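Everything below concerns the one structure shown next.
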Amino acid sequence: MSDDTSTTGSAAEAAEPADSAAASSAASASVSGGPSRRSVLGWGGAGLALGAAAAGGTVAALSGDGDPVPAALSGSSVPFHGEHQAGIASAVQDRLHFAAFDVKTKDRAELVQLLKDWTRAAERMTAGLPVGEGAVGGLPEAPPDDTGEALGLKPSRLTLTVGFGASLFAKDRFGLEGRRPEALVDLEQFPGDNLDPAKSGGDLCVQACADDPQVAVHAIRQLARIGFGKVAVRWSQLGFGKTSSTTPDEQTPRNMMGFKDGTRNIAGTDRAALDKFVWVGDEAKDGSAWMAGGSYLVARRIRMHIETWDRTPLQEQEDIFGRDKGEGAPVGKSKERDEPFLKAMKPQAHVRLAHPDTNSGATILRRGYSFTDGSDGLGRLDAGLFFLAYQRDVRKGFVPIQRNLSKNDGLNEYIQHVSSALFAIPPGVRDKDDWWGRALFA
Ligand code: HEM
């Protein structure tokens, strides 16, 4: 099933991962054995399904193949398995928790095992199930496998999307130096960038999106916990309020500047555009066999000078974007979806400069979120846009657009890019035997 077939939630659609029944019986067998299952099997072993029972204990329905489906699955879920990872073209959820990790282990086999363990845990969490033996009902002598704050919550369309940073491919680390795709470039310093290295880059990333913030936060927390001693969170970002959608039929969301954001974006159902601009092609087309079906993610924390913006006259605000604030219509047009006439806009208008016609056709799928991380100690909101953009090749997507914007955009007076990262997003996990990054480590 492909990424663009997200569901709205029948029990059948949200069926428990097929491997869980087997895992359940293995787990039961292990419990009777005496010593802690965790100490014997470690993560990703047999212990992944008892949590289904612990998820609230209630069995609400039978799945298609007769296995019990916990009540938590009656909410909506997005299929985890597919040709592409979910969380890219699938409908954008309301909340985000994004984390970049440094890999601490030097052992390739340990890293591979972690990716397998993460995959199995992600399968469960995206289906609304707790990880491992769950949060309750396990051995009283050991900390529970799941921290518990998502117990009783619905799957909330949770998607977990994993990525690999350039540093993972460095020489003398995991033997991956020959496998770094050419498109996984070191992003240049753009004019105006004020990047914090501690909040940039990362060996791995996980993007957790959900309609319930607690579900997204829970998911990242479990993955960090599973990775304890092998990976450490380098930086993370919470996001609320999507600023772009992949569902053009829905009302376009607004960003922290009060403008509709995401009007002209790639729709999650537009297969032709996704194939052309978002999904990496096969080795013959795009040069890297293991990345076929994947994508590249640019993440930029863009701080907004909110207080300055709030003192800017409405006309000037509208000139800066090239669209009006109420309807979101391009200059000289009356409806949001009217085709922009770029020459009618000011030369520094954001939309004019970001439009594909100004950038030799460069087109990206935007999937960003607003953030507000308190204030900065000087009475100013630490708020802005956590920009996330997916593309087939950054050299033909984000880079040319940002070169143009960073030099000329009227918006630059009101924003500053303060963190940056680029990740290779591998293709989707096909089935219960597959795992995140299998083709890379093959
Ligand atoms: C805080 C920073 C930013 C804000 C507030 C912002 C806001 C907006 C708004 C309001 C629109 C018009 C509505 C729409 O079509 O979505 C827009 C369009 C767009 N923006 Fe941004 N944007 C920001 C940064 C960026 C960056 C860094 C890039 C890429 C390098 C970018 C690329 C685009 C593109 C490609 C469009 C659509 C242009 C078109 O085809 O008409 N934006 N943005």
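The table for this structure:
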| item | result |
| --- | --- |
| Every residue from the range 188-233 that is aliphatic (A, V, I, L, M) and more than 28 Å from residue 91 (Cβ to Cβ) | 195, 198, 231, 232 |
| Every pair of residues 6+ apart whose Cβ atoms lie under 8 Å, when the first sits in the range 410-421 and is in contact (Cβ under 8 Å) with a residue 24 or more places away in the chain while the second is aromatic (Phe, Trp, Tyr) and within 11 Å of the ligand (Cβ to nearest atom) | 411/321; 414/309; 417/190 |
| Residue match in the range 323-338 (condition: among the β-branched types (Val, Ile, Thr) and more than 10 Å from the ligand (Cβ to nearest atom)) | yes |
| The range 238-251 - residue that is surrounded by fewer than 20 Cβ atoms within 10 Å (Cβ to Cβ) and within 14 Å of the ligand (Cβ to nearest atom) and, of those, farthest from residue 94 (Cα to Cα) | 248 |
| Enumeration of residues in the range 102-114 that are under 21 Å from residue 294 (Cβ atoms) and either without any contact (Cβ under 8 Å) to a residue 24 or more places away in the chain or in contact with a Ser or Thr (Cβ under 9 Å, 6 or more places away or on another chain) (or both) | 103, 111, 114 |
| Residue 236 vs. criteria hydroxyl-bearing (Ser, Thr, Tyr), at pLDDT 95 or above and touching a Phe, Trp or Tyr at 6+ places or on another chain (Cβ under 7 Å) | yes |
| Subset of the range 259-274 [assigned to a loop (DSSP other than H, G, I, E, B) and either more than 13 Å from the ligand (Cβ to nearest atom) or on the phi > 0 side of the Ramachandran plot (or both)] | 262, 268, 269, 270 |
| Single condition residue 186 does not satisfy, out of (1) among the acidic types (Asp, Glu); (2) over 21 Å from the mean Cα position of the chain (by Cα); (3) surrounded by fewer than 16 Cβ atoms within 10 Å (Cβ to Cβ) | (2) |
| Qualifying residue in the range 387-402 (condition: within 8 Å of the ligand (Cβ to nearest atom), in contact with a His (Cβ under 7 Å, 6 or more places away or on another chain), touching a residue at least 24 places away in the same chain (Cβ under 8 Å) and on the phi < 0 side of the Ramachandran plot) | no |
| Matching residues in the range 339-351 - criterion: being within 8 Å of the ligand (Cβ to nearest atom) and not aliphatic (A, V, I, L, M) | 340, 350 |
| Any pair with Cβ under 9 angstrom, 6 or more apart, that starts in the range 72-83 at a residue that is modelled with pLDDT under 55 and ends at one that is buried (at least 20 other Cβ atoms within 10 Å of the Cβ) and charged (D, E, K, R) | 72/154; 73/16; 73/154; 74/154 |
| Matching residues in the range 304-348 - criterion: being touching a Lys or Arg at 6+ places or on another chain (Cβ under 7 Å) and at positive phi | 322, 328 |
| Total residues in the range 328-344, condition in a loop (DSSP other than H, G, I, E, B) and without any contact (Cβ under 8 Å) to a residue 24 or more places away in the chain | 9 |
| Single residue of the range 275-313 satisfying the filter (within 30 Å of residue 415 (Cβ to Cβ) and of a type in the set (S, T, N, Q)) that is farthest from the ligand (Cβ to nearest atom) | 295 |
| Within the range 359-379, tally of residues that are away from the ligand (no atom under 15 Å from the Cβ) and on the phi > 0 side of the Ramachandran plot | 3 |
| Conditions (1) outside any loop (DSSP other than H, G, I, E, B); (2) crowded, with 16+ Cβ neighbours inside 10 Å; (3) modelled with pLDDT of 95 or more: number failed by residue 201 | (1) |
| Cβ-Cβ under 8 Å pairs, at least 6 apart or on other chains, the range 300-318 side modelled with pLDDT of 95 or more, far side among the hydroxyl-bearing types (Ser, Thr, Tyr) and within 11 Å of the ligand (Cβ to nearest atom) | 300/420; 301/420; 304/414; 305/414; 308/414; 309/414; 312/414 |
| Leading residue by the ranking (surrounded by the fewest Cβ atoms within 10 Å (Cβ to Cβ)) among those in the range 204-237 that are part of a strand (DSSP E or B) and among the small types (Gly, Ala, Ser) | 232 |
| Options 338, 373, 357; residue that is charged (D, E, K, R) and in contact with a Leu (Cβ under 7 Å, 6 or more places away or on another chain) | 357 |
| Unmet requirement for residue 125, which otherwise passes all of (1) part of a helix (DSSP H, G or I); (2) among the hydrophobic types (A, V, I, L, M, F, W, C); (3) touching a strand residue (DSSP E or B) at 6+ places or on another chain (Cβ under 6 Å) | (3) |
| Unique match (being more than 21 Å from residue 169 (Cβ to Cβ), of a type outside the set (Lys, Arg) and at pLDDT 95 or above) among 258, 293 | 258 |
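The values are calculated or read from the model by the stated rules, or taken from the named source; none is laboratory data. What you see is a predicted model; the values in this text were computed from it and never measured. Quick reminder, even Gly has a Cβ in these numbers, built from the backbone with ideal geometry, and neighbours come from all protein chains shown.
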